[in-house]
Amino acid sequence: MDTIGNLFSFITGPVSWIIVQFHKLYGAIFGPDTGWAWGLSIVSLVIVIRIALIPLFVKQIKSMRNMQALQPKMKAIQERYKNDRQRQSEEMMKLYKETGTNPLSSCLPILLQSPFFFALYHVLSKIASGDTIGSLNQQLVDSAREAHIFGAPIAAKFMDDPGTVEALNASLLDVRIVTAIMIVMMSASQFFTQRQLMQKNVDLTVKTPYMQQQKMLMYIFPIIFAVMGINFPVGVLVYWLTTNVWTMGQQMYVINQNPTPGSKAQDQYLQRLLKSVTQHGEVRGRRKRTVVQAIVAKGPDRNDNERRFVGSLAKAGFTPQADGTVRKVDPAEAEAEAAAARRQQPKRQTKAKRQAATAQPGAKTSLEKTDQAKAEQPESGKSGSTRQAKSGQRKGQQRPKHPSSKK
């Protein structure tokens with residue numbers, strides 16, 4: 001970790017400067033040598049970084065949704081060009097370009113946080129050894145060494161030996177209890193964030209290997225954080241726990257306010273929107289009108305959640321308009337309009353149902369049905385009578401039999 005910390009040493013100056021500025025603020029309130037002053041300085045550092053990364057978080061959400069929607073097409077490309085890796089890569093890049101999807105966008109927030117994370121680790125390592133770094137002079141380093149969070153110094157680690165912990169004026173038991181609790185909280189918040197995403201904000205109609213990978217990561221990431229956490233100083237655990245809680249809250253907001261189409265969260269959001277419309281008789285809020293406008297624009301391409309929403313509006317006597325508003329009409333008229341919209345495009349059957357229907361005895365494909373229809377049409381020159389080919393006999397003009405053949 002020291003080697004990695006040195007690799008990102010170029011950013012230790014800005015990180016230490018931000019911590020010092022917040023320490024001046026919190027030190028005036030709680031005292032300069034308290035754990036509250038130094039701990040809240042680290043928390044504030046996280047908040048500053050995460051606010052700066054909000055635009056990238058929005059791109060991450062869009063990229064994850066696009067990647068999820070593209071999984072069936074990506075799988076088809078892989079199967080079609082499974083023996084030609086170069087053509088497969090070219091088709092993948094073409095698909096990304098056409099849809100405006102960047103696979104790396106989902107990793108950008110984590111990648112951009114890494115320098116700050118390792119820079120903070122480097123700063124805390126220097127504090128533990130009593131060395132100055134960046135904007136932290138010797139007086140501030142000594143103050144940080146004396147700061148304890150629930151009895152554990154901010155520079156102490158779970159795996160520290162008793163001598164190192166005693167040099168920081170703390171007991172090994174206190175350090176291990178505090179760090180263990182923080183590691184468990186850090187891993188639990190990571191697991192809950194991923195679980196919340198998988199259960200509520202995923203299009204349930206898309207079943208691809210990508211979903212299985214995400215489920216595996218839901219269990220793997222918390223284990224990785226727990227293993228790595230025993231080597232993190234208390235200050236770094238504060239940083240990582242704070243950023244996990246921020247991510248969890250930020251994602252919860254996105255799931256509630258801008259859910260993925262076709263997901264369970266979208267169904268819950270549309271139910272809340274339906275309740276609001278029936279109570280007030282209108283769509284309140286620009287963002288809600290934008291949602292209704294998008295549903296109307298989809299027409300027959302709406303997913304099941306959106307069809308139920310439009311149907312429920314019709315039962316309540318409302319018809320959604322192209323501008324995102326609703327019009328109060330007679331419930332029978334609204335039902336008729338909703339039924340007409342549903343008839344524009346029949347509901348698609350799943351692949352399993354289509355295969356089961358084809359596999360049934362006597363089931364015919366569309367081509368066979370067309371051939372049968374042609375065979376049943378009346379022949380020209382006949383007096384309206386229809387002739388059907390006998391079983392085992394070819395249709396159309398027959399070759400004349402040889403004179404020597406038996407009749």
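The values are calculated or read from the model by the stated rules, or taken from the named source; none is laboratory data. Worth saying up front: this structure is predicted, and the values here are computed from it rather than measured. Ideal geometry is used to build each Cβ from the backbone, glycine not excepted, and the neighbour counts take in all protein chains shown.
From the set of residues in region 269-296 that are under 23 Å from M67 (Cα atoms) and not aromatic (F, W, Y), which is surrounded by the fewest Cβ atoms within 10 Å (Cβ to Cβ)?
The selected residue is A294.
If you scan region 297-318, which residues turn out to be buried (at least 20 other Cβ atoms within 10 Å of the Cβ) and under 25 Å from the mean Cα position of the chain (by Cα)?
Answer for region 297-318, where residues must be buried (at least 20 other Cβ atoms within 10 Å of the Cβ) and under 25 Å from the mean Cα position of the chain (by Cα): R302, N305, E306, F309.
Working only within region 298-310, note down all residues that are of a type in the set (G, A, S) and modelled with pLDDT of 90 or more.
Within region 298-310, no residue meets the criteria.
For region 290-327, give me each residue that is in a helix (DSSP H, G or I), in contact with a Ser or Thr (Cβ under 9 Å, 6 or more places away or on another chain) and not polar (S, T, N, Q).
V292, D304, V310, L313
What helices (runs of 4 or more DSSP H), lying completely within region 1-110, carry at least 1 residues that are modelled with pLDDT of 90 or more and assigned by TED's automatic domain parsing to the domain that holds V123?
Because the criterion is at least 1 residues that are modelled with pLDDT of 90 or more and assigned by TED's automatic domain parsing to the domain that holds V123, the helices (runs of 4 or more DSSP H) in region 1-110 that meet it are 12-30, 35-52.
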